[in-house]
Amino acid sequence: MKRTGKLFVASLLVVGLLALSFSLAFAIADPVNQLADPMVTPSFEGEEYTALVLGPQYLPGTFEEGGLVYPTGFGPSEGQFSGSGIKVSDLKAGETVSISFDYKFYNYMWTGSIYMWNGTQWVRLATKTEIPSGGEGSTWATVSGVGNGTYALIVGNYGVPATEEPTVEPTALD
């Protein structure tokens with residue numbers, strides 16, 4: 001009986017160790033660092049339009065390097081898409097909208113603007129950056145008065161600013 005009990009306990013330990021070594025790991029998205037989808041706001045109440053959010057791999061005017069998707073006309077160190085882009089369509093002549101992109105990393109050595117794909121290149125648009133007051137909320141990059149087209153926030157990292165070497169030799173204190 002004692003032998004059977006020891007064998008049973010040993011078997012449970014082995015099964016438990018095997019279960020731990022073969023357990024699945026699940027990646028959970030970090031909601032703090034996720035970017036919100038771009039938002040479209042009509043200029044006038046009643047305007048009808050269609051807005052389609054597009055991941056960078058589905059945007060026009062792109063190239064792939066090292067498994068990442070970049071906008072055509074920018075080198076990998078010059079600019080990249082900051083999240084998804086958006087395609088606006090079905091606006092009538094003269095109708096416009098405002099488009100806003102979540103610009104979460106604005107204050108962390110990133111600079112950027114909203115661009116529109118004109119069929120051959122990404123064209124920079126006059127972009128307003130809205131920083132929340134009191135440090136609460138999100139920073140948004142917004143462009144107003146635009147029509148049908150495909151838009152994306154393209155950002156670049158300017159890195160840590162270079163520091164200047166002191167020009168005066170330090171002196172010893174007596």
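We did not get these values from a lab; they are worked out from the coordinates using the rules stated. None of the values given here were measured: they were computed from a predicted structure. We place every Cβ from the backbone using ideal geometry, glycine too, and count neighbours over all the protein chains shown.
Remarks
- Three-way shape label, segment 39-157, alpha-carbon gyration tensor, a/c 1.5: oblate
- Environment charge at Gly79 (Cβ cut-off 15 Å; Lys +1, Arg +1, Asp -1, Glu -1): -2
- Under 14 Å, Cβ to Cβ, from Gly94 - net charge with Lys/Arg +1 and Asp/Glu -1: -3
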